[in-house]
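Worksheet: the structure to be examined is printed underneath.
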Amino acid sequence: MKTKNILQYLLVVAALFMYSCSSDSDSDSDTPSGSGGQSGLTSIMVTASSQSFEIGNTVTFTVTGNDGSNITANATILVNNSSIQGDTYTPSATGNFEIKATYDGLTSSTITIEVTPPVIVALRVETINTNIKVGDTAEFTVIGTNTSNNDYVVTESASLSVDGTPLVGNKLMATTIGSMVITASLNQLTSDPITVTASEETAPGVFQKTVTVIDATGTWCQFCPRVSYGIELVEAATDKAFIIAAHSGDVMQNTASQTLVSQINPSGNYPTAILNGTIDWTFPEPNNVEQVTNLATGTTSSGLSVNSLVVGNNLKVYVSAAFAASMPDAKLAVYVLESGIDSPQVNGTSYYGGVNPLTAADGFTHNHTLRSSLTAVLGDVIPSENTVAGQKYTQIFDVPIPNNIDNPDEISVVAMIIGNNFEIVASNGGHVGVDKDFN
C-alpha cells in the first residue's frame, strides 16, 4: 500500500515537472532571443542596383536577411535617414546619399551611392518669346541631353550669347527692332541657333487713367502710419495707383527724396500725401480712398510702357511715353523704388493696432521708398517733336544698381509724364522684371 502511494506521488511530481518544462518552452517560442523579433533573423543587409550613376536615373534597392531571404517588400528603406516608398529611388540632386534599411527591429549597415552630373552630349535653347515687341523681355532655358537621351535644364551652368555677344543671365530686353540670334554653349558644346524677332511697340489711341500718390514721410513722424494705412486700402481697391514714398529726416532720406518733398510739401507739414502731383489727399486719408480711386477712372490722351530688368549689378529700364493728343512742354520722370525695408516707425495713431514702434515683426515694412531718380527728379523735358499727337518718346537706361538699395529683388520702377506745375498726367511701372505695357 505504501509502495503504491509512493509511486502515485512520484508520477504526480513527474507530471508537474514536464508541464513546467513545456510552459517554459512555449514562452521561449513567443519571443525568440536576439534582436530579430519573430523573424529569427539576426542581421539584414541592403544593396543597390548601382553604386554610382547619373542624375535622372533610378536605383533599385534589395534587402536580405542573414539567412539569404529577400525581405525587401516588408523592410523600410531610408535615404539620408528619410524613408522612401517602395524599393526604388530617383535622386533630384547630385552628390552622395547614405542608404540603410530596417526590418523587425534590425537595422542594416549603411551603404553610399554616388549621383553624378549628367554627361551632356547636346544642347538646345528654348523660349516661348520668339516674337516680342521692343521693350519686352525674352527668357531662355538651356536644355542638355545626355547619352541616354535624357534632358536636363543646364541654364545656370551654360553661357548664352546674342548675335555673338555674351548675355548676362538668361533674360534679354529687346531695345531695337529686328531679329536676334541666340546660342548657348557648355564646355565644348554649342547649340543650334534660335531667332528672336522684336517688332515695334504700338501705342493705343486712348489710355487708362492712373493715379500717383506721393507720400512725404519719415520714421520719426508719429502720424504718418495713418497715410501708410490709407495707401494699403488704395492698393487693395485698384491696381491703377502708383505709390512713391519720399522720406525726409531718416535713414531713407536721399537727394531725390529731398527734392521731391520740397516740391510737394514746401510748408514742411507731416504727414502730407499728394495725388497726381498737385491734389491734397483729404484728411483722414483712410476714410477718403474713393478720392484716390476716382482719379484712376476713365481714359486720357497719354500713357506709358515700362519694363525693367536686373542684369548682373546693373539695372536696365525701358520707358516709352506715347501721346494721342499734343502735349507741349511734357516731361518724363523715372524713379527707382524699394519695398520691404525694415526700419522702426514711430506710431502715434490707432492704426496697425496702435503698436509703437512698428517693425517688420509687426508686419510693417516701408514700401515704395524712393531711392533714386534716373531723370531729373521733377522730370526731363521731352523733345517737342515727340509730344505731338501720334508720337512716342523712348528712353533706355542702363545704370549700376543704386548703392542705397538693400535688396535688388525688392526694386520697382515708376515712370511719370508730367505737365505744367508738376501735374502728373500719366504713370506706370511695376516690380523689376515685370513688363508693364501701355495702360
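The values are calculated or read from the model by the stated rules, or taken from the named source; none is laboratory data. This is a predicted model, so every value here is computed, not measured. All Cβ positions, even for glycine, are placed from backbone atoms using ideal geometry, and neighbour counts span all protein chains on display.
A few notes on this one:
- Failed condition for Ser161, given (1) more than 29 Å from the chain's Cα centre (by Cα); (2) part of a strand (DSSP E or B): (1)
- Of all residues in segment 67-107, those being free of Cβ contacts under 8 Å to residues at least 40 places away in the same chain and among the charged types (D, E, K, R) number 3.
- Looking only at segment 194-222, and only at residues there that are in contact with a Ser or Thr (Cβ under 8 Å, 6 or more places away or on another chain) and not in a strand (DSSP E or B), the one that is nearest to Tyr335 (Cα to Cα): Thr210
- Condition broken by Pro166, with the remaining ones in (1) in a strand (DSSP E or B); (2) not assigned by TED's automatic domain parsing to the domain that holds Thr190 satisfied: (2)
- Of all residues in segment 221-236, none satisfies being closer than 17 Å to Gly379 by Cβ and in the same structural domain as Ser412 (by TED's automatic domain parsing).
- Any chance Phe61 is in contact with a Phe, Trp or Tyr (Cβ under 8 Å, 6 or more places away or on another chain) and either buried (at least 16 other Cβ atoms within 10 Å of the Cβ) or modelled with pLDDT of 95 or more (or both): yes
- Qualifying residue in segment 399-406 (condition: within 30 Å of Thr300 (Cβ to Cβ), out of contact with any Cys (no Cβ under 9 Å at 6 or more places or on another chain) and not hydroxyl-bearing (Ser, Thr, Tyr)): yes
- Of the residues making up segment 131-146, not a single one is surrounded by fewer than 15 Cβ atoms within 10 Å (Cβ to Cβ) and not in a strand (DSSP E or B).
- Residue-level analysis places Val292 among those that are at pLDDT 95 or above and more than 19 Å from Glu201 (Cβ to Cβ).
- Of all residues in segment 329-354, those being closer than 23 Å to Gln253 by Cβ, in a loop (DSSP other than H, G, I, E, B) and either among the aromatic types (Phe, Trp, Tyr) or more than 30 Å from the chain's Cα centre (by Cα) (or both) number 4.
- Every condition in (1) farther than 16 Å from Gln395 by Cβ; (2) within 33 Å of the chain's Cα centre (by Cα) is met by Val317 except one, and the failing one is (1).
- Segment 230-252, residues that are surrounded by fewer than 19 Cβ atoms within 10 Å (Cβ to Cβ) and more than 25 Å from the chain's Cα centre (by Cα): Gly249, Asp250, Val251
- Test: Asn146 is touching a Pro at 6+ places or on another chain (Cβ under 7 Å) and modelled with pLDDT under 95: yes
- Sole residue being at pLDDT below 95 and hydrophobic (A, V, I, L, M, F, W, C), chosen from Leu78, Leu10, Leu106: Leu10
- Any hit, segment 29-46, residues being at pLDDT 95 or above, within 30 Å of Thr145 (Cβ to Cβ) and not aromatic (Phe, Trp, Tyr): no
- Reported count of residues in segment 355-392, each being within 30 Å of Gly205 (Cβ to Cβ), out of contact with any Phe, Trp or Tyr (no Cβ under 8 Å at 6 or more places or on another chain) and not in a loop (DSSP other than H, G, I, E, B), is 4.
- Residue in segment 368-405 that is surrounded by the fewest Cβ atoms within 10 Å (Cβ to Cβ), counting only those that are of a type in the set (Asp, Glu) and closer than 17 Å to Val306 by Cα: Asp398
- Of all residues making up segment 183-208, the number that are under 28 Å from the mean Cα position of the chain (by Cα) and within 16 Å of Glu156 (Cα to Cα): 4
- Output for segment 240-284, where each listed residue is among the small types (Gly, Ala, Ser), touching a helix residue (DSSP H, G or I) at 6+ places or on another chain (Cβ under 6 Å) and either under 14 Å from Thr217 (Cα atoms) or part of a loop (DSSP other than H, G, I, E, B) (or both): Ala246, Ser248, Ala273, Gly277
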